[in-house]
């Protein structure tokens, strides 16, 4: 018994050292504790209502992204300025940026090597074999080793997914820009129609007054008065509808930019329709549109990253055919004997060779390839369609311009005849109304062409009129990948 006591004490001392070492390691790991973060509905609501493009943070954001400092504070808010607002204020971009940060963390996670593990065991026999000691103590360490480049493949796959998430930010920004452009175009179209309707209402009311005066004198029938009143009433109703629609369109614009409605209502919105038509129309080349659509679109680049991720997944499953190894150095005190050992272990994956997982990954790669082909086919079809719409819109605008100019000449002749006393005021007013009708058609043709040109920008995801290298990211790409500071919002 006296011989066993030192050994027992030695084993106990080893255990004490082990547990002391384990406690020190666990204490030094710095475990994080859970911290609750409940959503405060009122605080979020106040944050949204207090967003303003006049904040110092937004001004600095504009300067950081190349907006001329001399133009700040902004006097007129056009598509460029409102697009900046959407990129800075709209919450959907915050979601896309957060998803990208999560994908970046997944990259770091993929690079982590398997952690070694440590184990111990204790035992006591009945000493039936008269061993030196009835006690057993073992300590082992398992050191895993990945084979076949699995870690590098895992990192590559996570990197492709992270890049796809990064491009999703710019994709979201382009969707917002499309919404802003559409809402702004519809708003200015509505305002222009209101101005024309005001002129029409004035002419219609004047006709009613003239027919009433003639009816009093007995030179006009009640039918003519009634017809004039009906047309005037219709014009008033259309004007009221357009005025009410102004508030709806402003609300849509506010929703697209992420700003409160009352802020948008106080912002002077620029209307450069004619200059935009000239600038965009000059650069709407048929071949360039298809080339830009196939090379510059973000969803094409996202699809390529996803295909690369699928290929990395297949490589990962193929590498899974080769078993990972685990080196197991161990020390055992076994009934008085001190034993050192070194073991090597691994899963017997060679038996099934990971065939099902490889087949599944192969099919997933084929799915991504098929989806990419579908996407390219859709872009080519959409390009042909939008070019046809562009040619039609150009023809309509040319025709309406010619008709309006001809009618202006007719109205000028009627004015001359009125000045000479050859016709009365009713005939002159009717000529003015006819000219207004052609002017409304011309206005609609202009906005229709502008809408088609904006569709081309959406299709190519590149502003018409820019001459950026197709291999480089677009302006919107660069803007969206910079997360703005919003501490004051």
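Are any residues in the stretch 120-160 farther than 30 Å from residue 106 by Cβ and in a strand (DSSP E or B), and if so, which ones?
Of everything in the stretch 120-160, those that are farther than 30 Å from residue 106 by Cβ and in a strand (DSSP E or B) turn out to be 120, 121, 122, 123, 124, 135, 136, 137, 138, 139, 140.
Check the stretch 137-160 and report whether any residue there is touching a strand residue (DSSP E or B) at 6+ places or on another chain (Cβ under 8 Å), closer than 30 Å to residue 303 by Cα and modelled with pLDDT under 90.
Looking for residues that are touching a strand residue (DSSP E or B) at 6+ places or on another chain (Cβ under 8 Å), closer than 30 Å to residue 303 by Cα and modelled with pLDDT under 90, one finds at least one in the stretch 137-160, hence yes.
Determine which single condition residue 198 fails, assuming it passes every other condition in (1) in contact (Cβ under 8 Å) with a residue 12 or more places away in the chain; (2) surrounded by 15 or more Cβ atoms within 10 Å (Cβ to Cβ).
For residue 198, the exception is condition (2).
Tell me whether the stretch 376-384 contains one or more residues that are farther than 30 Å from residue 214 by Cβ and not in a helix (DSSP H, G or I).
no
Yes or no: the stretch 239-258 includes at least one residue that is over 30 Å from residue 53 (Cβ atoms), in contact (Cβ under 8 Å) with a residue 12 or more places away in the chain and assigned to a helix (DSSP H, G or I).
yes
Run residue 274 past the list (1) surrounded by 12 or more Cβ atoms within 10 Å (Cβ to Cβ); (2) over 30 Å from residue 141 (Cβ atoms); (3) at pLDDT below 85 and report the number of the one that doesn't hold.
With respect to (1) surrounded by 12 or more Cβ atoms within 10 Å (Cβ to Cβ); (2) over 30 Å from residue 141 (Cβ atoms); (3) at pLDDT below 85, residue 274 is out only on (1).
Got a number for residues in the stretch 391-410 being under 24 Å from residue 206 (Cβ atoms) and surrounded by fewer than 16 Cβ atoms within 10 Å (Cβ to Cβ)?
The qualifying residues number 3.
Among the listed residues 439, 457, 434, which satisfies the condition of being more than 26 Å from residue 180 (Cβ to Cβ), buried (at least 17 other Cβ atoms within 10 Å of the Cβ) and in contact (Cβ under 8 Å) with a residue 12 or more places away in the chain?
The unique qualifying residue is 439.
Among all residue pairs at least 6 apart or on different chains, which show Cβ distances below 6 Å where the first residue, located in the stretch 401-426, is closer than 20 Å to residue 211 by Cα and the second is modelled with pLDDT of 90 or more and surrounded by 13 or more Cβ atoms within 10 Å (Cβ to Cβ)?
Sorted first by the residue in the stretch 401-426, then by its partner, the pairs are 414/428; 414/431; 418/428; 423/417; 426/210.
Answer yes if at least one residue in the stretch 95-109 is surrounded by fewer than 16 Cβ atoms within 10 Å (Cβ to Cβ), farther than 30 Å from residue 65 by Cα, without any contact (Cβ under 8 Å) to a residue 24 or more places away in the chain and in contact with a helix residue (DSSP H, G or I) (Cβ under 9 Å, 6 or more places away or on another chain), and no otherwise.
no
Residues to consider are 341, 326; find the one that is out of contact with any helix residue (DSSP H, G or I) (no Cβ under 8 Å at 6 or more places or on another chain), at pLDDT below 90, loosely packed, with under 14 Cβ neighbours inside 10 Å and assigned to a strand (DSSP E or B).
On inspection, the qualifying residue turns out to be 341.
The values are calculated or read from the model by the stated rules, or taken from the named source; none is laboratory data. What you see is a predicted model; the values in this text were computed from it and never measured. Glycine gets a Cβ as well: all are built from the backbone with ideal geometry, and neighbour counts include every protein chain shown.
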